[in-house]
Amino acid sequence: MFPWLDLLKCGVEAFWLFARVPRLRRRSARGKHTPAWNYTRAFDPGLRDVTHSRAPAQPRTNRGPARRGKRLTAKLAPLDDMFRNSHRHFMPDSTGPAFPMPLPLIDLTSTEGLAAWSVRLRGLRATASLAGPEAETVAELVEDVRRRGDDAVVDAMRRWTDPDFSADRIRVDSDEMDRAEASLDPALRTVLEDAIANVRTYQAHIRPSDPPRIELAGAELGLRFEPVASAGLTVPGGVAVLISTLVMLAVPALAAGVDPKCLRVVNPPPTRRPGATPGDLAPELLACCRMLGIETLYRIGGAQAVAALAFGTERVQSVEMIAGPGNIFVQLAKQTVAGACGTDGGFYGPSEIVTVADTTADPRWVAADLIAQAEHDPGKCFLIAWSREVLEAISAEVDLQLAERGRVEAIETALARESAGLLVEGPDQAAALADTIAAEHVNLAVTDPEAWLGRLRNGGEFFLGHQTPVAAGDYYAGPSHCLPTGTTARFASGISVYTFLKRSGIVHYRNGMPDKAIDAIARLAELEGLDAHAASARIRRKRS
């Protein structure tokens with residue numbers, strides 16, 4: 001039997017997406033990017049606002065181009081309503097305009113809004129668990145690399161990155177890195193040197209020193225910090241040249257005391273299709289490695305790179321610690337190899353931002369920060385305010401600025417599918433909501449950001465005040481931009497000098513153990529049935 005129902009459903013979904021998802025067609029003939037709310041009213045002044053007015057819904061009108069036909073629009077209108085309400089970013093109590101605002105708005109002062117948000121919040125939780133088809137794929141790949149070494153790495157690179165990849169391409173030649181550094185643009189070199197200096201100064205400032213020893217119950221007690229012997233750094237590749245990520249990983253390791261000769265960087269070449277010209281690593285990345293004193297750079301990525309760093313292969317040296325961002329396969333691989341080596345223990349990616357804005361926030365600046373994080377694709381952007389006017393103004397400004405940015409399609413998709421403006425009752429609910437989301441970046445666009453900082457517990461990094469763009473942390477300020485995502489900032493921290501340090505306790509009985517300590521140890525050991533432990537303490541009792 002021909003699946004007429006399925007065909008009709010697919011057609012209706014396609015119609016809904018074409019009519020509802022914001023596209024570049026919102027640009028006017030004058031070349032300006034008209035705000036969605038103005039654009040809608042120009043065609044239907046009676047349409048109620050997207051932001052959850054309590055007024056009764058207005059009758060539907062044919063808002064599409066004439067070529068779609070009024071009859072078809074009228075017939076599909078009921079189905080359109082049905083699919084709108086089932087959409088993953090349902091805006092409660094709203095009919096929605098012909099071309100929605102770029103940032104969907106959810107009213108958390110309403111019951112419907114709270115219900116919609118609870119569904120969204122569950123989807124924010126990090127999904128890299130050791131269960132499911134992705135985890136099985138990663139586990140098989142990690143085991144394959146452990147057993148077959150370079151051959152397994154090459155097979156994986158051919159499958160997912162470059163069909164002509166070969167083992168002799170795994171490691172970048174030293175001469176190639178030297179040439180890249182020699183040809184580096186002087187202006188870019190200066191910028192990189194400044195950024196490296198800022199990160200180094202900050203990481204050195206927060207590096208813990210061994211605390212002075214204390215005397216307690218006859219013993220000297222202390223704590224020692226030591227860097228790991230070697231570290232592997234995962235720098236994502238493919239779409240963008242993430243030199244900043246290399247800096248944000250390598251400099252904290254160097255500040256911890258890791259020898260630059262013992263830092264091993266993995267970065268995959270651009271993905272290509274069969275027959276296409278093979279791409280390679282950006283020369284700027286190679287040059288930056290040289291500037292940092294790094295001698296080992298591997299032209300690999302993904303779960304296979306993590307496995308190679310953990311177990312070692314013929315061409316890849318194993319390391320004691322693996323740190324860095326990546327997709328879900330990289331995150332799962334780090335969980336899988338934990339124990340064979342250390343890992344950063346975090347879930348880094350994709351990018352997130354939560355902005356808390358009051359009436360003093362500049363819509364232009366807040367919109368620019370939101371768009372910047374959405375540019376990562378997929379980025380998650382959440383704007384929290386207790387003023388509907390603030391949300392509307394910032395959302396409209398986002399719409400205006402989109403015309404001036406590249407990668408508009410990716411940004412619009414991230415804003416429409418992964419982001420939301422959240423209307424709350426007041427500052428208390430805003431603070432609680434920000435803590436619940438526990439985002440990678442928390443931007444406090446409020447009058448007194450220092451006071452607000454004291455109200456918040458969770459966040460990968462806090463950006464205080466109107467004058468502080470999130471991009472400062474991404475590139476230049478000092479703290480690493482490798483930060484926990486997926487609400488893991490509830491318990492995890494960003495990569496820093498602490499990631500590459502081990503802590504070891506110190507105990508020293510210089511003048512022998514006092515009898516009180518010996519008796520206590522023996523009593524507790526015998527309680528646990530460990531007589532040898534008790535004897536090892538008693539044998540040290542001083543005899544008069």
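The criterion of at least 1 residues that are closer than 15 Å to residue 356 by Cα and of a type in the set (Asp, Glu) is met by the following helices (runs of 4 or more DSSP H) wholly inside the range 380-480: 388-402, 427-437, 449-453.
You will find that of 347, 329, the residue that is touching a Pro at 6+ places or on another chain (Cβ under 9 Å), at pLDDT below 95 and farther than 23 Å from residue 259 by Cα is 347 and no other. Residues in the range 194-221 that are in contact (Cβ under 8 Å) with a residue 12 or more places away in the chain and part of a loop (DSSP other than H, G, I, E, B) were compared, and the one that is surrounded by the most Cβ atoms within 10 Å (Cβ to Cβ) is 207. Does residue 184 satisfy the condition of being in contact with an Asp or Glu (Cβ under 9 Å, 6 or more places away or on another chain), in a loop (DSSP other than H, G, I, E, B), surrounded by 14 or more Cβ atoms within 10 Å (Cβ to Cβ) and at pLDDT 95 or above? Answer is yes for this residue.
Taking first residues from the range 288-302 that are surrounded by fewer than 24 Cβ atoms within 10 Å (Cβ to Cβ) and partners that are assigned to a helix (DSSP H, G or I), the Cβ contacts under 6 Å between residues at least 6 apart in sequence or on separate chains come to 290/177; 290/181; 292/250; 293/260; 294/260; 295/261; 299/169.
If the requirement is being modelled with pLDDT of 95 or more, among the aliphatic types (A, V, I, L, M) and crowded, with 18+ Cβ neighbours inside 10 Å, which of these qualifies: 191, 154? Walk me through it before giving the result.
On the way: 191 fails: crowded, with 18+ Cβ neighbours inside 10 Å.
Only one candidate qualifies: 154.
Checking 430, 410, 393, 420 one by one, the residue that is touching a Leu at 6+ places or on another chain (Cβ under 8 Å), small (Gly, Ala, Ser) and farther than 30 Å from residue 204 by Cα is 420 and no other. Test residue 232 against the criterion of being crowded, with 23+ Cβ neighbours inside 10 Å, of a type outside the set (Lys, Arg), under 30 Å from residue 470 (Cβ atoms) and in contact with a Lys or Arg (Cβ under 7 Å, 6 or more places away or on another chain), and give yes or no. Criteria met by residue 232. Scanning the range 230-272 for residues that are outside any loop (DSSP other than H, G, I, E, B) and of a type outside the set (A, V, I, L, M) gives 232, 234, 244, 245, 252, 260, 261, 262, 264.
The values are calculated or read from the model by the stated rules, or taken from the named source; none is laboratory data. Everything quoted here is computed from the prediction, not taken from an experiment. Please note: Cβ atoms are built from the backbone with ideal geometry, for glycine as well, and neighbour counts cover all protein chains shown.
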